[in-house]
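Here's the structure we're looking at; comments come further down.
The values are calculated or read from the model by the stated rules, or taken from the named source; none is laboratory data. Computed from a prediction, not measured in an experiment: that's the story for all the values here. Quick reminder, even Gly has a Cβ in these numbers, built from the backbone with ideal geometry, and neighbours come from all protein chains shown. To get the accessible areas, we keep the full protein, side chains included, count just its heavy atoms, and leave off ligands, DNA and RNA. Shrake-Rupley method; radii C 1.70, N 1.55, O 1.52, S 1.80 Å.
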Amino acid sequence: EGVPVNMVSHAHGQGYADLHFVIPELVEKLEVTKGPYAAEHGDFATAGAVNLVLRRHLHRSQVTFEGASFGRYRGLVIAVPELGDATEGYVAMEVKAENGPFLHPERLRRMSLLGSLTHALGPATRLTLQLQSYGADWNASGQLPLREVEAGRLDRFDAIDPTEGGSSQRHSARVAL
């Protein structure tokens, strides 16, 4: 939607775009620009750029839940209220968790929330407001010295520090006319 993901001030600003906040069911299409030919994409568009275009309209509300091995689950709730002829919108929330195959559970907990509201101001003019929030916490397995694994002092799914990890947040607001 034109909001930069990979910026100079980000921890992974030099080439790594963290898209964990994206709820896949809300993406309508990808617009791809190849090469450094479009200045509007900024400093990091040297190999190209991808614009994720979100859905403006969803036909119905939905609730889904998925589960898998290693304590992995994903829940999704999308609410699509009836707002009238000139206004459309939705609210979506995705919750994910995973422990991974590690001896010390990863305890990844992730939540994304997105609200989108579009109002027709005239036959060809729309006002869109999108609010987005994302947060995650985890314990990482970390990097293991191969010599310690080969010597049998550490399992390849072990950790030197089982409390190593972190948290991440991303919040944004977008208004478009």
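Please determine whether any residue of the stretch 52-70 is among the hydroxyl-bearing types (Ser, Thr, Tyr) and more than 30 Å from Asp161 (Cβ to Cβ). Quick ask: steps written out before the conclusion?
Here is the first cut: in the stretch 52-70, the residues among the hydroxyl-bearing types (Ser, Thr, Tyr) are 61, 64, 69.
Filter again for more than 30 Å from Asp161 (Cβ to Cβ), leaving 61, 64.
Checked the stretch 52-70: at least one residue is among the hydroxyl-bearing types (Ser, Thr, Tyr) and more than 30 Å from Asp161 (Cβ to Cβ).
In the stretch 104-139, what count of residues is obtained for those that are over 21 Å from Leu54 (Cα atoms), buried (at least 18 other Cβ atoms within 10 Å of the Cβ) and small (Gly, Ala, Ser)?
Result for the stretch 104-139: 1.
Does the stretch 74-101 hold any residues that are open to solvent by 50 Å² or more (accessible area, probe 1.4 Å) and under 16 Å from the mean Cα position of the chain (by Cα), and which are they?
Passing the criteria: Val77, Val91, Met93, Lys96.
Here is a yes/no grid of residues against (1) small (Gly, Ala, Ser); (2) more than 15 Å from the chain's Cα centre (by Cα); (3) at pLDDT 85 or above:
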{"position": "Pro4", "(1), (2), (3)": "no, no, no"}
{"position": "Val8", "(1), (2), (3)": "no, yes, no"}
{"position": "Ala11", "(1), (2), (3)": "yes, yes, no"}
{"position": "Gly15", "(1), (2), (3)": "yes, yes, no"}
{"position": "Leu19", "(1), (2), (3)": "no, no, no"}
{"position": "Leu26", "(1), (2), (3)": "no, no, yes"}
{"position": "Lys34", "(1), (2), (3)": "no, yes, no"}
{"position": "Tyr37", "(1), (2), (3)": "no, yes, no"}
{"position": "Gly42", "(1), (2), (3)": "yes, yes, no"}
